[in-house]
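S.K.: Questions regarding the structure given below will be posed in turn.
The values are calculated or read from the model by the stated rules, or taken from the named source; none is laboratory data. Since the model is a prediction, treat every value here as computed from it, not as a measurement. So basically every Cβ, Gly included, is an ideal-geometry build from the backbone, and we count neighbours across all protein chains shown.
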Amino acid sequence: MKKLLTIILSAALILSTTACGFNSELEALKKENEKLKAQLESSEKKDTPKPTQNSTPSPTENQSADNNSTYELTAGDYEIPGDIPAGKYDIIAISGDGEFILDGNDNFIDERMSSNAEENSNAIKERKNASLKDGNSITINYNLKVQLVPKN
């Protein structure tokens with residue numbers, strides 16, 4: 001009797017485990033998971049774009065190149081002076097919204113910025129006289145695009 005019960009339970013166990021392997025819902029979830037993994041890997045491989053430099057008209061002819069150039073930055077990480085020269089800048093949100101973070105030894109800025117700050121009461125459109133020093137780093141999050149305008 002015990003042998004018969006053991007055989008029946010073993011057969012039931014084998015049938016139940018093999019039935020789980022043919023679950024179409026499980027297979028669909030596995031395929032979706034693989035697609036999401038591929039998307040994540042492709043987004044991780046993208047390089048952070050370097051800032052674009054735009055020349056602005058110079059009020060006097062004696063200014064250096066660094067003093068008459070603006071920089072547009074999108075989401076990513078940037079180093080001072082590797083990506084942007086050290087100096088004092090006005091930071092202006094020109095599109096989107098997100099976080100602007102400046103991290104350095106003696107200064108730290110963490111601002112929620114928006115190009116449409118009137119509608120977003122928690123955000124600002126412009127930060128004046130930000131001091132960017134050698135060794136500082138800038139992080140921009142979300143879809144924020146800012147312009148750095150050098151100060152004299």
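S.K.: For N67, indicate whether it is closer than 20 Å to K128 by Cα, surrounded by 15 or more Cβ atoms within 10 Å (Cβ to Cβ), at pLDDT below 75 and over 22 Å from the mean Cα position of the chain (by Cα).
M.R.: Working: closer than 20 Å to K128 by Cα: yes; surrounded by 15 or more Cβ atoms within 10 Å (Cβ to Cβ): yes; at pLDDT below 75: yes; over 22 Å from the mean Cα position of the chain (by Cα): yes.
So N67 passes the test.
S.K.: Taking K128 as meeting all but one of (1) surrounded by 19 or more Cβ atoms within 10 Å (Cβ to Cβ); (2) closer than 16 Å to T70 by Cα; (3) in contact with an Asp or Glu (Cβ under 6 Å, 6 or more places away or on another chain), write down the number of the exception.
M.R.: Going through the list (1) surrounded by 19 or more Cβ atoms within 10 Å (Cβ to Cβ); (2) closer than 16 Å to T70 by Cα; (3) in contact with an Asp or Glu (Cβ under 6 Å, 6 or more places away or on another chain), K128 breaks only (1).
S.K.: Within the stretch 83-94, does at least one residue satisfy the condition of being acidic (D, E) and either in contact (Cβ under 8 Å) with a residue 24 or more places away in the chain or under 15 Å from N143 (Cβ atoms) (or both)? Spell out how you get there, then give the answer.
M.R.: Just the residues of the stretch 83-94 that are acidic (D, E), to begin with: 83, 90.
Right, trim to either in contact (Cβ under 8 Å) with a residue 24 or more places away in the chain or under 15 Å from N143 (Cβ atoms) (or both) and you get 83, 90.
Checked the stretch 83-94: at least one residue is acidic (D, E) and either in contact (Cβ under 8 Å) with a residue 24 or more places away in the chain or under 15 Å from N143 (Cβ atoms) (or both).
S.K.: How about the stretch 97-130: which of its residues are within 16 Å of D77 (Cα to Cα) and not in a strand (DSSP E or B)?
M.R.: Within the stretch 97-130, just G104 meets the criteria.
S.K.: Using beta carbons and a limit of 6 Å, which pairs, at least six apart or on different chains, have the first residue in the stretch 125-152 and farther than 14 Å from D110 by Cα and modelled with pLDDT of 95 or more and the second one surrounded by fewer than 17 Cβ atoms within 10 Å (Cβ to Cβ) and of a type in the set (D, E)?
M.R.: Q147/E72; V149/D90
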